[in-house]
Structures are given as structure tokens and as C-alpha cells.
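What follows is a set of notes on a single structure, which appears directly below.
The values are calculated or read from the model by the stated rules, or taken from the named source; none is laboratory data. Just so we're clear, the structure is a prediction, and the values are computed from it rather than from any experiment. Every residue, glycine as well, gets a Cβ built from its backbone with ideal geometry; the counts of neighbours run over all protein chains shown. When the accessible area is computed, the model is the full protein with side chains, heavy atoms only, and any ligands, DNA or RNA have been set aside. Shrake-Rupley method; radii C 1.70, N 1.55, O 1.52, S 1.80 Å.
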Amino acid sequence: MYTSSEENYLKAILKLSRKGDSPVTTGALAAEMQTTAPSVTDMLRRLAEKQLATYEKYYGVQLTEEGVRIATALVRRHRLWEVFLTEKLGFLWDEVHDMAEQLEHVQHPELIERLDAFLGHPRFDPHGDPIPDAQGRWPERQRQPLSNVEVGGQAVVVGVDDHSTAFLQYLDRLGIGLGVHIAVLERVEYDHSLCVRLVEQGRDLTLSDKAARSLFVELL
């Protein structure tokens, strides 16, 4: 058994490493965990003592095979609970993260496998993030930021890179969610904002470069 704090660090290291940051620096981890570098260093030493990670000063941290297994299982539980909370209990996608953060630490394998089966073995969570299976395999999806789509291109929203409540509520106000069909009409040279059309809704709007970079899409 590990503390919830240790598990949260394992999950954060896995997240950063899957983005290509390997080994993960203490600075990147401190920013992810919103804490100080000395606090991160203390935790990394604890994880190393428990053989969940290898840590080398000035080099960074990498998860061991056991660390990856635990972190992947945490992500699996978290994202399955998010699906349950949105699909079965009617919570909005901006409401479920904190609840799933608590539920993910419930370690009962049979419960999670029954939950997975009850939900129909979902491959992606309400934010479009992949859900690893019981063997730790991650589903793949071809996606890219909306900001990469050429003018005249069309795409469907499949995920978000920013999970903050503010951003998700902003998208709700715009009428943008998973599955929304977007056509790129114009890229403004001055600030790289995008003029887009929400095809099914027949509405045009302008997205900032920051917002466009935080939306993942699949080309049509």
C-alpha cells in the first residue's frame, strides 16, 4: 500500500513521461504538482527507496516497471470513474476530476473490472484521454491540436489538453465538446487566432491561439 500523495506523484511522473519528458525533471514535476522543488526531491527519494522510481540529482526521475504499473492502474481507475460520473450520474465534464481523484485511490481490482464491464469497456474518458486496459495497454488515436489544421480543413474534436474548470466551462459556453465538427475558415496573421465554423450548429466564431492549441482534433 502506498499513500495517496505517493500515488499522485507516480501519476504525475507518468503523465509527463508520456508527453515525451523522460527523464522527468524536478522543475517540471514541481510545476505539475504545484509545489516546491525541495518537496519534490524529498518525495522522489521516498519513491526511490520503495523501488518505484529511479532518481538522480540534476538528471531527473524515471519510473521503474512497478512504478509504471501502479501509475497506469491509477490512471485507469481515474478515467473509468470519470466516465461513470458523466454517463451514469449526469455530472458535467468540468465537475468530475476532483471526485475521480478521490475514487481512484480505491484499490479493489474486482470493483474496477466490473465497473469497466458495466460501462462497456470505454477506450476514452469524457475529456478524450485514453483509458489503459487491465493489462496496461493504451489505446491509440491520431490527433493533433486544432491550431495545426490548415485553413479550409475540417476536423472533429476528440480531446482537450487543458482540463481546468475554466477552460471546460469556456468551451461549454462556445458550444464546443467532443464530437463537434469544426471547419477552419481563416487564420489571423496578427495573433494566430482561428476563425472557425461549428458545422452542425451553423455558427462562426473566433478562437484564440491558446484555445486552439488546447483542443485535440481528428482530421476529416
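Which of (1) closer than 14 Å to residue 7 by Cβ; (2) assigned to a helix (DSSP H, G or I) is the odd one out, the single condition residue 99 does not satisfy?
(1)
Given the conditions (1) closer than 19 Å to residue 18 by Cβ; (2) at pLDDT 95 or above; (3) of a type in the set (Lys, Arg), and given that residue 210 satisfies all but one, which numbered condition is not satisfied?
Unmet for residue 210, out of (1) closer than 19 Å to residue 18 by Cβ; (2) at pLDDT 95 or above; (3) of a type in the set (Lys, Arg): (1).
Can you tell me which residue within the stretch 26-54, out of those that are among the charged types (D, E, K, R) and assigned to a helix (DSSP H, G or I), is nearest to the chain's Cα centre (by Cα)?
Residue satisfying both the conditions and the ranking: 32.
Exactly one condition in (1) of a type outside the set (Ser, Thr, Tyr); (2) surrounded by 21 or more Cβ atoms within 10 Å (Cβ to Cβ); (3) within 15 Å of the chain's Cα centre (by Cα) is not met by residue 94; state its number.
(2)
Do we find a residue being in contact with a Lys or Arg (Cβ under 6 Å, 6 or more places away or on another chain), touching a residue at least 24 places away in the same chain (Cβ under 8 Å) and surrounded by fewer than 15 Cβ atoms within 10 Å (Cβ to Cβ) anywhere in the stretch 161-171?
Looking through the stretch 161-171, none of the residues is in contact with a Lys or Arg (Cβ under 6 Å, 6 or more places away or on another chain), touching a residue at least 24 places away in the same chain (Cβ under 8 Å) and surrounded by fewer than 15 Cβ atoms within 10 Å (Cβ to Cβ).
Among the residues of the stretch 57-90 satisfying the criterion of being open to solvent by 60 Å² or more (accessible area, probe 1.4 Å) and without any contact (Cβ under 8 Å) to a residue 40 or more places away in the chain, which is nearest to the chain's Cα centre (by Cα)?
Among those residues, the one meeting the criterion is 87.
In the stretch 1-25, how many residues are under 30 Å from residue 145 (Cα atoms) and out of contact with any strand residue (DSSP E or B) (no Cβ under 7 Å at 6 or more places or on another chain)?
10
May I ask you to verify whether residue 208 is surrounded by fewer than 17 Cβ atoms within 10 Å (Cβ to Cβ) and either touching a Leu at 6+ places or on another chain (Cβ under 7 Å) or within 16 Å of residue 129 (Cβ to Cβ) (or both)?
Taking the combined requirement at face value, the residue does not satisfy it.
In the set 143, 137, 187, which member is under 23 Å from residue 75 (Cβ atoms), in contact with a strand residue (DSSP E or B) (Cβ under 7 Å, 6 or more places away or on another chain) and of a type in the set (Lys, Arg)?
143
Identify, from the list 21, 94, the residue that is assigned to a loop (DSSP other than H, G, I, E, B), touching a Ser or Thr at 6+ places or on another chain (Cβ under 7 Å) and under 24 Å from residue 124 (Cα atoms).
So the residue among 21, 94 that is assigned to a loop (DSSP other than H, G, I, E, B), touching a Ser or Thr at 6+ places or on another chain (Cβ under 7 Å) and under 24 Å from residue 124 (Cα atoms) is 94.
Being under 25 Å from the mean Cα position of the chain (by Cα), open to solvent by 50 Å² or more (accessible area, probe 1.4 Å) and under 12 Å from residue 208 (Cβ atoms) is the filter here, so list the residues in the stretch 178-193 that pass it.
192
Kindly provide the set of residues from the stretch 121-157 that are closer than 24 Å to residue 91 by Cα, part of a loop (DSSP other than H, G, I, E, B) and open to solvent by less than 50 Å² (accessible area, probe 1.4 Å), ordered by number.
Within the stretch 121-157, 122, 125, 126, 127, 128, 129, 131, 132, 133 meet the criteria.
Scan the stretch 1-56 for residues that are under 24 Å from residue 98 (Cα atoms), basic (Lys, Arg) and open to solvent by 70 Å² or more (accessible area, probe 1.4 Å) and jot them down.
15, 18, 19 - these are the residues of the stretch 1-56 that are under 24 Å from residue 98 (Cα atoms), basic (Lys, Arg) and open to solvent by 70 Å² or more (accessible area, probe 1.4 Å).
For residue 142, which of the numbered conditions (1) on the phi > 0 side of the Ramachandran plot; (2) within 16 Å of the chain's Cα centre (by Cα) fails to hold?
(1)
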